[in-house]
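Undergrad: Attaching a single structure in structure tokens format; questions to follow.
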Amino acid sequence: MFKLDRKLITSASVIAVAGLFAIGCSGGSAATPGDVAYKNGKATIDGGTYYPIVDGQTGPYAVNEAARNGGFTYGRKPTQNEIDAWNKDVMPDGTGLPEGSGSVEEGEELYEAQCVMCHGDFGSGASGTAGGYPALSKGNAYEMQKTMTNQRSGDNKDGDGPARAFGSYWPQTSTLWWYIQSGMPHPNTKSLSNDETYALTAYILSINEIVIDGEEVDDEYVLDREKFLKIQLPNENGFVPNIDGPNAPEDVRKFYANAKNFGAQNLNQGAVRCMKDCQADTVKTVYVKGAGISDFNPPMSVVRDMPKEEGPFDPAAAYEAACAACHAGYLSPGASEWAGYTGKGIEKVYANGINGTEGGMPAKGGSSLSDAEFKMVVDYLIKGK
Amino acid sequence: MNKVQENSTENTVSDRRAFFKKTAAISTVAAAAVVAPQNLLASEDDHAIMHHPAWAQKLGDPVTANLYGMPSKYEHNNTRRNTPLLASGNWQASIAVTPIHESCGIITPNGLFFSRCHGGTAQIDPNEFRLMIHGELERDIVLTYDQLRRYPSVTRTHFIECPANGGQEWRATQFNSVQFAKGFMASAEWTGVYIKDILKDLGLKKETALWMLAEGSDNSEMGRTIPIDKVLDDAMLVWGQNGEALRPEQGYPVRLLVPGWEGNLCVKWLKRLEFASEPFYCKEETAKYTALRKDGKAIQHFYANEVNSTVTSPSPEKPWTDLKDGDLIEIEGLAWSGMGTITGVDFSFDGGRNYVPAQLKGLVLPKSWTRWSIMHTYKKGQVLQLTSRAMDDAGYIQPTVDQEVGQLGVEGVYHRNAVETWEVTKDGKVNHVQIRS
């Protein structure tokens, strides 16, 4: 097996390594792209071992080097419309961010209609069918950013940990805008206009009490592209290693070249492989408290027996799987608001559920239930049993 | 075990006389089952040997019965599992973890491969699959599924691990289970194409193409930024998983594979690769998958899963309650590193105070699960604390719990790889513990 580790690459063996690359490249007219990352003795980007393709071999694997010279003509050039349709990412410098605007007030209206059932009042988070939906704010972002050094250990064992939410933790608002438009609302993504996305972004900035260019994002605030590009979040510089600018790859390589930066132990960097008497006499054994977390689905078992036969169709279970993501907080099972929908007759309610509605109800909740099964779930939702 | 016998009786007994004969046998087994469920009585003829079960006399299933084969029904407890703690509001933003206590060798069956998604498992029509590759290239390209599969294929065995594997236990152990403490990972033989082989014809602009966005086509359109070094080393676009097409839970029809790195970077249901001079600041590399250190700085772009190991047998799921004094037993486990090849595993019977070398077994591959074991003579009533500690060829060795917490604090969530300890109680049960100062 041929391998090189980071230490070898950065040590006096650099000349020998370069020689091997020269052999590896001799089959093609141009240098293989794989060599670029590691020539001139650069460390690997993750601090790990590099297995170059040498003499038709990478690590233990044989490689058909004749297949690696390019010359393939598959596919076609995408049209500009196709690229525009898919190239929707928004970068911190504003690349990809369209023109548009939206107010905090409009954002709040949208939030109340499409987001509050999962993210809770004022973005405080809410419990769902499984675990909790994320909070979008944990209070004033500038104050909460100061909690990043909180550790729930020692004297603060039962105290507060770091309050990680959009305003206090995220480095960039471009991430929020992009994610709202591509990944939200959760059951019906990619359905918000640019202006609606600006409005929701403005609302989330406001509940985090963000100040843009000296101006607090209050109820009257209208966010547009120009103002957006002036946003600076309090934790922008809370991340390592540096990943911005032309020198970023080298900064990342340097970071991972030092095991201490990421809590690792490396025997080539002074760590010790202790074999005898490696602990103080005072160490303690920490046990799982009680049964610990053990609400496993299915329950833990290693028994080898015949599975229980499946029972009849269970609308409550189908509700949990297909509907509860939205309906836990809105028209929940047995909720009195159902009275406002059943007035036009149960068949109308069935039809809306089966076909979906413009109000955001996906057809059959996105499930693959049969019509008969789905109607049983609707009955369950209305009656709550 | 009593239950096993009863159920298998229902399944195989065909006449009333046989039923009574069998019930008599069961009651003897049941009495003995409390202590040693899998062992046979020394003094009596074993019913399982002394009668012809139904499967030995009746015709079995025709070859037409399972055109796509399924596991034995008796294996129904060998499944992925989930828990509400590991869900962000619903089961579409959640994880189902692999039963590594039942895993054999270094390959996970496709149906048991851990499954993580942010907007549910997308069910993609491969006829509508398109892969767009664009950005800092001389030539942008769009490919169909069939066209992508025309590229020369590469097959590699690699684990994929969620960097939150073990991440619930920075402050203390919480899961008395190896499936949940260490099962946010699985391993497969992947088939696909090196991205660098596709790029040869697309004219990558070396000065400005420093990062690659990989974006999924699922509900959440999950995306991540990959540095160009990895793209030009061993990153692959894969369509094959253990000899068949990817499973939907693993990104059918095509996912990114960045060997050894965070599972989250191996973007599933892939639709787009974009090359750029600056990173993309995707949600899953800012809000999540960043590891907050005690100095208040979070590690971003934390790529490789570091060297790690665990004992799989015994484990809380696979205790030693049936062992007799003096039994010779193999202690077995997994070691893995996303930063290289496993070079050795040290083993401790006293929670990491003293170590002896364990033995590696089978194939030892880069960025792959590696099996190891050590033989042990069981002494009834003896309390043990079993700890494994792996090393890789990049020089990394697993830290102690104290070392890792000392450097990083307890709030990082991701990339915890301190040594794991199982305590074997005097009656052979196994509990998950940590040894801390």
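The values are calculated or read from the model by the stated rules, or taken from the named source; none is laboratory data. Bear in mind that the values here come from a model prediction, so they are computed numbers and not experimental data. Here the Cβ is made from the backbone with ideal geometry for all residues, glycine too, and neighbour counts use every protein chain on show.
Undergrad: For the structure I just gave you, tell me whether A:GLY47 is within 10 Å of chain B (Cβ to nearest Cβ), more than 27 Å from B:ARG130 (Cα to Cα) and modelled with pLDDT of 90 or more.
TA: Values: within 10 Å of chain B (Cβ to nearest Cβ): yes; more than 27 Å from B:ARG130 (Cα to Cα): yes; modelled with pLDDT of 90 or more: yes.
It is true that A:GLY47 is within 10 Å of chain B (Cβ to nearest Cβ), more than 27 Å from B:ARG130 (Cα to Cα) and modelled with pLDDT of 90 or more.
Undergrad: Let me ask something additional. Working only within segment A:94-107, note down all residues that are within 24 Å of the chain's Cα centre (by Cα) and in contact (Cβ under 8 Å) with a residue 12 or more places away in the chain.
TA: Filtering segment A:94-107 for residues within 24 Å of the chain's Cα centre (by Cα) gives A:94-98, A:107.
If the condition is that a residue be within 24 Å of the chain's Cα centre (by Cα) and in contact (Cβ under 8 Å) with a residue 12 or more places away in the chain, then A:GLY94, A:GLY96, A:LEU97, A:PRO98, A:GLY107 are the ones that fit.
Undergrad: Kindly provide the set of residues from segment B:164-179 that are within 14 Å of the chain's Cα centre (by Cα) and either modelled with pLDDT under 95 or farther than 16 Å from B:GLY263 by Cβ (or both), ordered by number. So that I can check it myself, show each step before the final result.
TA: Applying the first criterion (within 14 Å of the chain's Cα centre (by Cα)) to segment B:164-179 yields B:164-166, B:177-179.
Once the filter is applied, which keeps residues that are within 14 Å of the chain's Cα centre (by Cα) and either modelled with pLDDT under 95 or farther than 16 Å from B:GLY263 by Cβ (or both), segment B:164-179 yields B:SER177, B:VAL178, B:GLN179.
Undergrad: How many residues are within 18 Å of A:GLN172 (Cβ to Cβ) and surrounded by 20 or more Cβ atoms within 10 Å (Cβ to Cβ) when one looks only at segment A:93-119?
TA: Of the residues in that region, 1 qualify.
Undergrad: Something else: A:GLY128: closer than 28 Å to A:ILE293 by Cα, touching a residue at least 60 places away in the same chain (Cβ under 8 Å) and facing chain B (nearest Cβ under 10 Å), yes or no?
TA: yes
Undergrad: Going by the structure shown, is B:GLU284 touching a His at 6+ places or on another chain (Cβ under 8 Å), surrounded by fewer than 24 Cβ atoms within 10 Å (Cβ to Cβ), within 30 Å of A:THR149 (Cα to Cα) and not hydroxyl-bearing (Ser, Thr, Tyr)? Write out each step before concluding.
TA: Numbers: touching a His at 6+ places or on another chain (Cβ under 8 Å): yes; surrounded by fewer than 24 Cβ atoms within 10 Å (Cβ to Cβ): yes; within 30 Å of A:THR149 (Cα to Cα): yes; not hydroxyl-bearing (Ser, Thr, Tyr): yes.
When the stated conditions are applied, B:GLU284 passes them.
Undergrad: Determine which member of the set A:ASP213, A:ASP195, A:ASP218, A:ASP244 is in contact with a Gly (Cβ under 6 Å, 6 or more places away or on another chain), of a type in the set (D, E, K, R) and more than 30 Å from B:ASP402 (Cα to Cα).
TA: Details: A:ASP213 fails: in contact with a Gly (Cβ under 6 Å, 6 or more places away or on another chain); A:ASP218 fails: in contact with a Gly (Cβ under 6 Å, 6 or more places away or on another chain); A:ASP244 fails: in contact with a Gly (Cβ under 6 Å, 6 or more places away or on another chain).
One residue alone meets the criteria, A:ASP195.
Undergrad: Now a separate question. Determine, yes or no, whether A:GLY131 is more than 14 Å from A:ILE207 (Cα to Cα) and within 22 Å of the chain's Cα centre (by Cα).
TA: Values: more than 14 Å from A:ILE207 (Cα to Cα): yes; within 22 Å of the chain's Cα centre (by Cα): yes.
Considered against the rule, which asks whether it is more than 14 Å from A:ILE207 (Cα to Cα) and within 22 Å of the chain's Cα centre (by Cα), A:GLY131 comes out as yes.
Undergrad: Scanning segment B:199-216 for residues that are in contact with a Phe, Trp or Tyr (Cβ under 6 Å, 6 or more places away or on another chain) and hydrophobic (A, V, I, L, M, F, W, C), which turns out farthest from B:LEU257 (Cα to Cα)?
TA: Initially, segment B:199-216 is screened for residues in contact with a Phe, Trp or Tyr (Cβ under 6 Å, 6 or more places away or on another chain), giving B:201, B:209, B:212-213, B:216.
Going one step further and asking which of them are hydrophobic (A, V, I, L, M, F, W, C), we end up with B:209, B:212-213.
Working: B:ALA209: 19, B:MET212: 13, B:LEU213: 13 Å.
Only one residue fits best here, namely B:ALA209.
Undergrad: Quick check on my filter: what residues within segment B:418-428 are over 22 Å from B:ARG171 (Cβ atoms) and away from chain A (no Cβ under 12 Å)?
TA: At the first step, the residues of segment B:418-428 found to be over 22 Å from B:ARG171 (Cβ atoms) are B:424-428.
Correct list: B:VAL424, B:LYS426, B:ASP427, B:GLY428.
Undergrad: Shifting gears a bit: Return yes when B:GLY406 is of a type outside the set (Phe, Trp, Tyr), surrounded by fewer than 18 Cβ atoms within 10 Å (Cβ to Cβ) and facing chain A (nearest Cβ under 9 Å) and no when it is not. Full working, then the answer.
TA: On the way: of a type outside the set (Phe, Trp, Tyr): yes; surrounded by fewer than 18 Cβ atoms within 10 Å (Cβ to Cβ): yes; facing chain A (nearest Cβ under 9 Å): yes.
It is true that B:GLY406 is of a type outside the set (Phe, Trp, Tyr), surrounded by fewer than 18 Cβ atoms within 10 Å (Cβ to Cβ) and facing chain A (nearest Cβ under 9 Å).
Undergrad: Among B:GLY166, B:GLY240, B:GLY192, which is surrounded by fewer than 23 Cβ atoms within 10 Å (Cβ to Cβ) and more than 30 Å from A:ASN188 (Cβ to Cβ)?
TA: Values: B:GLY166 fails: surrounded by fewer than 23 Cβ atoms within 10 Å (Cβ to Cβ); B:GLY192 fails: surrounded by fewer than 23 Cβ atoms within 10 Å (Cβ to Cβ).
Selected residue: B:GLY240, the only one of B:GLY166, B:GLY240, B:GLY192 that is surrounded by fewer than 23 Cβ atoms within 10 Å (Cβ to Cβ) and more than 30 Å from A:ASN188 (Cβ to Cβ).
Undergrad: Follow-up question, since we're still on this one. Checking B:VAL410 against (1) under 29 Å from A:TYR256 (Cα atoms); (2) assigned to a strand (DSSP E or B), only one condition comes out false. Which one?
TA: (2)
Undergrad: Another one. Quick one: which residue in B:ARG171, B:ARG130 is within 13 Å of another protein chain (Cβ to nearest Cβ), basic (Lys, Arg) and closer than 30 Å to B:TRP372 by Cβ?
TA: On the way: B:ARG130 fails: closer than 30 Å to B:TRP372 by Cβ.
Just one listed residue meets the conditions, B:ARG171.
Undergrad: Now a separate question. Among the candidates A:GLY161, A:GLY139, which residue alone is assigned to a loop (DSSP other than H, G, I, E, B), on the phi > 0 side of the Ramachandran plot, in contact with an Asp or Glu (Cβ under 9 Å, 6 or more places away or on another chain) and surrounded by 16 or more Cβ atoms within 10 Å (Cβ to Cβ)? Give the derivation first.
TA: Working: A:GLY161 fails: on the phi > 0 side of the Ramachandran plot.
Criteria check complete, one pass: A:GLY139.
Undergrad: Now for a different question. Can you tell me which residue within segment B:248-281, out of those that are within 9 Å of chain A (Cβ to nearest Cβ) and of a type outside the set (A, V, I, L, M, F, W, C), is surrounded by the fewest Cβ atoms within 10 Å (Cβ to Cβ)? Give the derivation first.
TA: Let us first name the residues in segment B:248-281 that are within 9 Å of chain A (Cβ to nearest Cβ), namely B:260-261, B:271-272, B:274, B:276-281.
Filter once more, so that each one left must be of a type outside the set (A, V, I, L, M, F, W, C): B:260, B:271-272, B:274, B:277-279, B:281.
On the way: B:GLY260: 28, B:LYS271: 19, B:ARG272: 24, B:GLU274: 25, B:SER277: 16, B:GLU278: 18, B:PRO279: 23, B:TYR281: 25.
Ranking the qualifying residues of segment B:248-281, first place goes to B:SER277.
Undergrad: Could you check how many residues of segment A:135-174 are small (Gly, Ala, Ser), out of contact with any Lys or Arg (no Cβ under 7 Å at 6 or more places or on another chain) and under 12 Å from A:ILE210 (Cα atoms)?
TA: Of segment A:135-174, the ones small (Gly, Ala, Ser) are A:135, A:137, A:139, A:141, A:153-154, A:159, A:161, A:163, A:165, A:167-168, A:174.
The next check asks that each one be out of contact with any Lys or Arg (no Cβ under 7 Å at 6 or more places or on another chain); those that pass are A:135, A:137, A:139, A:141, A:154, A:167, A:174.
Imposing the further condition that a residue be under 12 Å from A:ILE210 (Cα atoms) reduces the set to A:137, A:139, A:141, A:167.
Total meeting the criteria: 4.
Undergrad: Taking helices (runs of 4 or more DSSP H) that do not extend beyond segment A:175-274, which have at least 3 residues that are surrounded by 21 or more Cβ atoms within 10 Å (Cβ to Cβ) and within 12 Å of chain B (Cβ to nearest Cβ)? Quick ask: steps written out before the conclusion?
TA: Details: elements: A:194-207, A:225-228, A:248-257.
Qualifying helices (runs of 4 or more DSSP H): A:248-257.
Undergrad: Something else: Out of (1) assigned to a loop (DSSP other than H, G, I, E, B); (2) in contact (Cβ under 8 Å) with a residue 40 or more places away in the chain; (3) crowded, with 20+ Cβ neighbours inside 10 Å, the odd one out for B:MET391 is which?
TA: Single failed check for B:MET391: (1).
Undergrad: Which of (1) part of a loop (DSSP other than H, G, I, E, B); (2) modelled with pLDDT under 95; (3) surrounded by 10 or more Cβ atoms within 10 Å (Cβ to Cβ); (4) within 14 Å of chain A (Cβ to nearest Cβ) does B:ALA48 not meet, given it meets every other one?
TA: Only one criterion is unmet by B:ALA48, namely (1).
Undergrad: Also, quick follow-up: Can you work out which of the residues in segment A:275-296 that are surrounded by 15 or more Cβ atoms within 10 Å (Cβ to Cβ) and within 30 Å of A:HIS186 (Cβ to Cβ) is farthest from the other protein chains (Cβ to nearest Cβ)?
TA: Filtering segment A:275-296 for residues surrounded by 15 or more Cβ atoms within 10 Å (Cβ to Cβ) gives A:278-279, A:283, A:286-288, A:292-294, A:296.
Filter once more, keeping what is within 30 Å of A:HIS186 (Cβ to Cβ): A:292-294, A:296.
Working: A:GLY292: 5, A:ILE293: 5, A:SER294: 7, A:PHE296: 5 Å.
Among those residues, the one meeting the criterion is A:SER294.
Undergrad: Oh, and also: Any residue in segment B:184-206 that is more than 11 Å from chain A (Cβ to nearest Cβ) and without any contact (Cβ under 8 Å) to a residue 60 or more places away in the chain sitting within a Cβ distance under 7 Å of a residue that is surrounded by fewer than 23 Cβ atoms within 10 Å (Cβ to Cβ) and hydroxyl-bearing (Ser, Thr, Tyr)? List the pairs, counting only those 6 or more apart or interchain.
TA: B:THR191/B:SER153; B:THR191/B:THR155
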